[in-house]
Amino acid sequence: MIYLDNAATTPMFEGAAEEYKKYACELFYNPSAGYGEAIKISRLLQEARRAVLDRLGATKGDIIFTSGATESNNLAIQGSERGGKWEYVFSAGEHPSVNNVAKSLQQKGCIVHFIPLNEDGQVDYLALEKVLNEKTRLISVIHVSNETGAINDIARISMLRDRLSPKALIHVDGVQAFCKIPFSIDRLGIDLYTISSHKFHGPKGVGALYVRNKGGLKNIVFGGGQEGGLRSGTENVAGIMAMKWAVEHTCVQENFEKVSLLKASFLSGLKLDENISVIDIGSPYILSLSFKNVKGETLMRAVENEVILGMGSACSTKQAGNRILEQLISRDKVISSVRVSFNANLSVDEVKRAGEIINREYYKLVEKI
Ligand code: PMP
């Protein structure tokens, strides 16, 4: 079975799982306690923060550990909210864990702008430029789209911010970018950056929010004051240490090149034609495919004994339609879409075979129509 739904989640590295066990069973102390063993753990958490900062290319700022990207996105947005006189700007390509927080701000009476996507699946920079002003408090844009792989030009957005809304914070949902595409956060001018461990071979239920300036953020959870008061609750030490292991054992540039080869090999097996089309507009890790006259779900079920495909954001599969793809392709094509997402441990031969299997099963379904 060839697993091609790595944008939904990835298998945990064995080394990360061993690290998890060590900190769950042997070095299980509460890092907030005052005795030596606990203080050692709290120091290890500092090292884990440093490892994440280094991988982000951040020379300043802090890491707040959370339960994953959904929580990080909520903290970034709700924690930046400063009431009615400010304006909040979101791309129309955001994951539900951003989009639904944006909608909740709107329901509270805040002025919220949703910026449509351009034909490349990126935020429409000209439309963005038009809404930015002195009252903009937050600009939230996904780094790599979990639906299409489109990569937003964050440096360009940052330049717009500096010119038009110098008081605005930039929040980036980096779930599909961190440990996958090479970048340096210092150069992009980002204030808040969301990551999730299970997307890069760490455990589920742990993630982080990078915060350039903690003074700009307020807490949304009240309690014992852990994580500098921004995220109360005993830290998930085992999860954080396993995430650290995954961060330190990922070669981003090497993997990026390898996954680019995997993508090419997969497409050579799949064989695009007048019935099979692809959205291939950014990160090599994610492709969106459409198969004429066959529902994406039907194809996914037809191949699942041999190949596991995705159906877009796992968090939104229960909702009808696809808010993001519908901005780029026709409704018919959206219904006949599946998502393919790779990880660097796959081989060129197996992904080529996956492409061939999908082609074969698709044409079997076409014959039955
Ligand atoms: N943002 C993006 C872009 C994602 O792909 C996901 C996972 N589907 C999330 C946020 C939510 O991540 P988590 O599962 O860590 O809450």
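The values are calculated or read from the model by the stated rules, or taken from the named source; none is laboratory data. Bear in mind the structure is a predicted one, so any value in this text is a computation, not a measurement. Please note: Cβ atoms are built from the backbone with ideal geometry, for glycine as well, and neighbour counts cover all protein chains shown.
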Condition broken by Ser42, with the remaining ones in (1) under 18 Å from Met243 (Cα atoms); (2) under 24 Å from the mean Cα position of the chain (by Cα) satisfied: (2)
Could you go through the range 52-60 and let me know if any residue there is of a type in the set (Lys, Arg), under 19 Å from the mean Cα position of the chain (by Cα) and assigned by TED's automatic domain parsing to the domain that holds Ile170. yes
Filter the range 55-70 down to residues that are of a type in the set (D, E, K, R) and over 16 Å from Trp245 (Cα atoms) and give me whichever is farthest from the ligand (Cβ to nearest atom). Lys60
Test: residue in the range 76-83 that is modelled with pLDDT of 95 or more, within 14 Å of the ligand (Cβ to nearest atom), outside any helix (DSSP H, G or I) and assigned by TED's automatic domain parsing to the domain that holds Gln226: no
For His201, which of the numbered conditions (1) closer than 23 Å to Arg43 by Cα; (2) crowded, with 24+ Cβ neighbours inside 10 Å fails to hold? (1)
Test for Arg231: is it basic (Lys, Arg), over 22 Å from Pro11 (Cα atoms) and buried (at least 22 other Cβ atoms within 10 Å of the Cβ): yes
Considering only the range 85-103, state which residues are outside any strand (DSSP E or B) and within 16 Å of the ligand (Cβ to nearest atom). Ala92, Gly93, Glu94, His95, Pro96, Ser97, Val98, Asn99, Asn100, Val101, Ala102, Lys103
Filter the range 201-210 down to residues that are within 11 Å of the ligand (Cβ to nearest atom) and assigned to a loop (DSSP other than H, G, I, E, B), then give me how many there are. 5
Are there any pairs, at least 6 apart or on different chains, whose C-beta atoms fall under 7 Å, with the first in the range 349-369 and closer than 17 Å to Tyr3 by Cα and touching a residue at least 60 places away in the same chain (Cβ under 8 Å) and the second part of a loop (DSSP other than H, G, I, E, B) and of a type outside the set (Asp, Glu), and if so, which? Val351/Phe342; Ala354/Leu4; Asn359/Lys271
Tell me yes or no: at least one residue of the range 269-281 is hydroxyl-bearing (Ser, Thr, Tyr) and out of contact with any strand residue (DSSP E or B) (no Cβ under 7 Å at 6 or more places or on another chain). no
Hey, any hits in the range 211-221 for a residue that's at pLDDT 95 or above, within 16 Å of the ligand (Cβ to nearest atom), buried (at least 23 other Cβ atoms within 10 Å of the Cβ) and not acidic (Asp, Glu)? no
